[in-house]
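Contents: one structure, followed by commentary.
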Amino acid sequence: MARRRKLPLLVLVVIGMGLVLWAMWVTGFFEAAGSRTGLEEYINRYAPWSQAIFFALQLVAVVLAPIPNNLTAVVGAHLFGLWTAFILSWAAMTIGSLLVFGLARGLGQDFVSRVAGERLSGKYIEVIRRKRGIFLAIAFLFPFFPDDLLCILAGLTDIRFRWFVLLVVAFRPWGLLVSCVVGSSAAHIPMEVVVLLAAIGIIFAVLALKYGDRVEEALFKRFGWKR
């Protein structure tokens, strides 16, 4: 897309994002987001459309990232139950991830810089370009990575859209599921188990980053995929 054709779309996207943030501000969202109770009251205020508001917040959390969507998933699970909150969060997260990927691919660095900033973009873009799918898979599994930012940056790389879709569908839901389990109080996990799972996860991440390129290449050859 030529730069002259990108500019009007970029302006519309930025204005749209600004309007969404303004609407969240005037409805008191940012004040409510200071606590779990505040978020619950904010969502319940819109009953019987509370679930639609929750879905919209989860979508906005991916595109604009004013708050982590794992936090709102905890609140949603407490309000609506484990599976309702998870399905709504999963749908919003998937749509939002593909949307920001497409916007970044179509609008390029100008869009990414306005949404993510130059400093954060530079921190992750090179490792995504070098490790590609394997890094995204690990990042999506672990809560300390900025998943939404990585989805935007992935749009600047040469990773194929269908491969990105597979990564989002296969690896992004698990953090949301854990958050929904916590929010619904459906499980009480002993601290020893949490520590063990964290240790296993760290070992897996180290091995994946070291040998993941070979595994990814083998998968592409095995199934005849093209990058």
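The values are calculated or read from the model by the stated rules, or taken from the named source; none is laboratory data. Not measured: the values here are computed from a predicted model. Please note: Cβ atoms are built from the backbone with ideal geometry, for glycine as well, and neighbour counts cover all protein chains shown. Side chains included, ligands, DNA and RNA excluded: accessible areas come from the protein's heavy atoms. Shrake-Rupley method; radii C 1.70, N 1.55, O 1.52, S 1.80 Å.
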Residue that is modelled with the highest pLDDT, among those in region 137-154 that are open to solvent by 40 Å² or more (accessible area, probe 1.4 Å) and more than 22 Å from residue 83 (Cα to Cα):
146
Show the residue pairs that are 6+ apart or on different chains and have beta-carbon atoms under 8 Å apart, the first residue being within region 157-180 and polar (S, T, N, Q), the second being open to solvent by less than 80 Å² (accessible area, probe 1.4 Å) and in a loop (DSSP other than H, G, I, E, B).
157/132
Of the residues in region 155-179, those that are over 29 Å from residue 84 (Cβ atoms) and among the aliphatic types (A, V, I, L, M) come to 156, 159
Of all residues in region 1-55, which are closer than 29 Å to residue 106 by Cα, open to solvent by 70 Å² or more (accessible area, probe 1.4 Å) and either of a type in the set (Gly, Ala, Ser) or in a loop (DSSP other than H, G, I, E, B) (or both)?
1
Looking only at region 75-85, count how many residues are crowded, with 23+ Cβ neighbours inside 10 Å and out of contact with any Phe, Trp or Tyr (no Cβ under 9 Å at 6 or more places or on another chain).
0
Conditions first: (1) of a type in the set (A, V, I, L, M, F, W, C); (2) surrounded by fewer than 18 Cβ atoms within 10 Å (Cβ to Cβ); (3) at pLDDT 85 or above. Residue 168 passes all but one, so which condition is the exception?
(2)
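Go through 36, 45 for me and flag whichever is among the basic types (Lys, Arg) and in contact (Cβ under 8 Å) with a residue 24 or more places away in the chain.
36
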Within region 86-113, count every residue that is more than 18 Å from the chain's Cα centre (by Cα), surrounded by fewer than 20 Cβ atoms within 10 Å (Cβ to Cβ) and part of a helix (DSSP H, G or I).
3
